[in-house]
1. Each residue of region 61-67 in turn: what ³J(HN,Hα) in whole Hz from Karplus with 6.51, -1.76, 1.60 and θ = phi - 60°, glycine and Pro shown as x?
2. Label-point separation (nm) for residue 176 and residue 128, each offset 7 Å from Cα along Cα-to-Cβ?
3. Under a no-solvent Debye model with one identical scatterer per Cα of region 1-74, what's log10 I(q)/I(0) at q = 0.24, 0.26 Å⁻¹?
4. Starting from the residue with the highest accessible area, list 14, 24 in decreasing order, probe 1.4 Å.
5. Given 0.36 nm per residue, what is the gain on full extension from residue 115 to residue 135 after removing their alpha carbon distance, in nm?
6. Hey, can you find the accessible area per residue of the chain for me, probe 1.4 Å, expressed in square angstrom?
7. Would you mind telling me the share, in percent, of accessible area of the chain contributed by carbon and sulfur at probe 1.4 angstrom?
8. Could you check the spin-label model distance between residue 169 and residue 21? Points 7 Å from the Cα along Cα→Cβ, value in nm.
Amino acid sequence: DLYKGETLAIVGESGCGKSVFTKSFIGMLDKNGYISGGSITYDGEDMAKYTAEQEWLKVRGKKIAMVFQELTLVGEMTVWENIYLNQEPVTCLGRINRNEVITWHFGTEHEQAKREAIELLKRVGIADAEYRYKQYPNEFSGGMRQRVVIATAIACRPEILICDEPTTALDVTVQAQIIRLIKELQKELDMTVVYITH
């Protein structure tokens, strides 16, 4: 059971299925993955019964978002494009031919979405956001790239944020900064947070 506003940790050894388990909450299981039984009840609906991508699009990003263990930024795209343009596996949309995330969920115009991208970068602690949003991921440090990944996950203001080993491959000081950032965002956006860790 997951309660509104709480922080829940799912703990287990590497390879035991923690990530696969939580990917079932957003309909992002691998092609050979499926739910064979049980239920995932959220907002009065059993998501385990969802079969169409359109059903998942109502949930993924806007209600439940995920910060993946692997940095999921696309190197050929600017930071702005990584946040707002659909490119698998960006968490807000899944697969809808590069439609813009904010436009899809909220009908935001292109220029307004750019302004919101800058505000998101500021929110996650990126200095000089007005300049840096046009840069590419390879121009950012590992900690800054992780902040962009978090910005991508919160772009649609989800109710639940799943963080899959969000501090992997970061040094201890940066790890503490990322955990602090997630706690601040949880309070600011009134999110429920699920951590996956071993």
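1. Once rounded to whole Hz, the list reads x, 6, 10, 10, 10, 9, 9.
2. 2.6 nm
3. Evaluating at q = 0.24, 0.26 Å⁻¹ gives log10 I(q)/I(0) of -1.48, -1.61.
4. On the way: 14 90, 24 15 Å².
I get 14, 24, largest accessible area first.
5. Values: separation 20, 0.36 × 20 = 7.20 nm, distance 1.51 nm.
Net length gain for the segment: 5.7 nm.
6. Values: 10390 Å² over 198 residues.
With the other protein chains kept in place, the chain gives 52 Å² per residue.
7. Working: 5000 of 10390 Å².
Heavy-atom surface of the chain belonging to carbon and sulfur, 1.4 Å probe: 48 percent.
8. Modelled inter-label distance: 2.5 nm.
The values are calculated or read from the model by the stated rules, or taken from the named source; none is laboratory data. Everything numeric here is computed off the predicted structure, so don't read it as measured data. Reconstructed Cβ throughout: ideal geometry from the backbone, glycine too, with neighbour counts over all protein chains shown. Heavy atoms of the whole protein, side chains included, go into the accessibility calculation; ligands, DNA and RNA do not. Shrake-Rupley method; radii C 1.70, N 1.55, O 1.52, S 1.80 Å.
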